[in-house]
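A quick write-up on the structure given underneath.
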Amino acid sequence: MREFKRTDRVADQLQQELAVLIQREVKDPRLGMITVSGVTVSRDLGYADVFITLLGDNDAERVAENLKVLRHAAGFLRSQIARRVKLRHVPELRFHYDESVVRGQQLSALIDEAVATDRAKHPDENGYEGSDENANDVEPR
């Protein structure tokens, strides 16, 4: 049994090539700092769903503008991939915004807020402030 499926290998190669192409070859001033966070390829290699994230402010208008630019450049990117990667058929590129990074940041902020609130309510239960019960457990070197 193979360790990796062909679609996974093609997706990884497309992700690497697209990251370089978008950064160096797409010359549209409306395009922000984009990261290709992932690519999934259909089983028949007909379509590639490209997931991107944006550096900086991620308001809906900016995301929509960047996706519009990428969708307009999809034909160019596909032709460049055809020159760089040996495939009989280069998949059609479909761009999507990857909200997982933003969602992760929101959840992390909520967790940090909950921990800070808990520490403010119960400062002596942490074992660090004014507690000497574990002071003799540590041996000197």
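At R0 = 22 Å, how high is the FRET efficiency between ALA74 and ARG24 if r is their beta carbon distance? Nearest 0.05 is fine.
Working from the Cβ atoms, E equals 0.85.
Can you compute the label reach from ALA82? Point 7 Å from Cα along the Cβ direction, backbone N cut-off under 17 Å, restricted to the range 35-68.
Counting backbone N atoms under 17 Å from the label point, the list is 45-48.
Using a basic spin-label model with each label point 7 Å from the Cα along Cα→Cβ, how many nm lie between SER108 and ASP49?
2.4 nm
Please give the residues of the range 42-70, grouped as numeric ranges, whose backbone N is less than 20 Å from a label point set 7 Å along the Cα-to-Cβ vector of ARG9.
42-49
Share of the range 8-135's accessible area from carbon and sulfur, percent, 1.4 Å?
Whole-percent figure for carbon plus sulfur exposure: 48.
Binning every alpha carbon pair distance of the range 6-97 at 10 Å from zero, what are the percents per bin?
With 10 Å bins starting at 0, P(r) equals 17, 55, 24, 4.
Evaluate the distance, in nm, between pseudo-label points positioned 7 Å from the Cα of ASP98 and of GLU61 along their respective Cα→Cβ axes.
Label at ASP98, label at GLU61, 2.7 nm between them.
The values are calculated or read from the model by the stated rules, or taken from the named source; none is laboratory data. Here the structure is a predicted model, which is why all the values come from computation and not from measurement. Note that each Cβ is placed from the backbone with ideal geometry, even for glycine, and that neighbours are counted across all protein chains shown. Note: areas computed on protein heavy atoms with side chains; ligands, DNA, RNA excluded. Shrake-Rupley method; radii C 1.70, N 1.55, O 1.52, S 1.80 Å.
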